Amino acid sequence: MERVQLREISVIKKDGKKELFDREKLTRSLRVALQKRPVDEDQIERIVNSIQRRLESLGETEVPSKVIGEIVMDVLADLDQVAYVRFASVYRNFREAKDFEDFVGTLGDD
């Protein structure tokens, strides 16, 4: 599978710190969300490539982590609802069962 060469993009974290975009970190996050779901490694690789292309198309050298998280959420919402909820639980920092209930209650709103 081809690897997309991403020009250097810095990710601006919530606390204001910056770090270089890490393709492997994105891949690991997707693997965790998609664990035991009907999605194979080739699909994950295509998703990562797609997200990289979307980031490059923004034309920015610095991207807030929130933007990347929202892109991942969009992709997972279309791909697999279970993975979407798994990723959202970490990304949105769910702290109790009610957080899950509230989020899952919004899934049919689209």
Proximal lysines relative to K14, as straight alpha-carbon distance under 18 Å, when same-chain residues fewer than 8 apart are discounted: K25, K66
GNM result for the chain, Cα springs below 10 Å: residue of E45, E60, E70 fluctuating most strongly: E60
Pairwise centroid distance, computed over Cα atoms, of region 2-79 with region 89-103, Å: 21
Ordering of 20-26, 82-88, 92-98, 62-68 by packing [mean C-beta count within 10 Å, highest first]: 82-88, 62-68, 20-26, 92-98
Using θ = phi - 60° and Karplus 6.51 cos²θ - 1.76 cosθ + 1.60, couplings along region 64-80 (whole Hz; Gly, Pro as x): x, 4, 4, 5, 5, x, 5, 4, 4, 4, 4, 4, 5, 4, 7, 8, 7
Anisotropy class of the chain from Cα gyration tensor, a/c 1.5 cut: oblate
Extension gain (nm, one decimal) between E56 and V32, 0.36 nm per residue minus Cα-Cα: 6.2 nm
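Laboratory data are not the source of any read-out in this text; all were calculated from the coordinates shown. In this text, all values refer to a predicted model and were calculated from it rather than measured experimentally. Because the Cβ atoms are built from the backbone with ideal geometry, glycine has one as well, and the counts that use them run over all protein chains shown.
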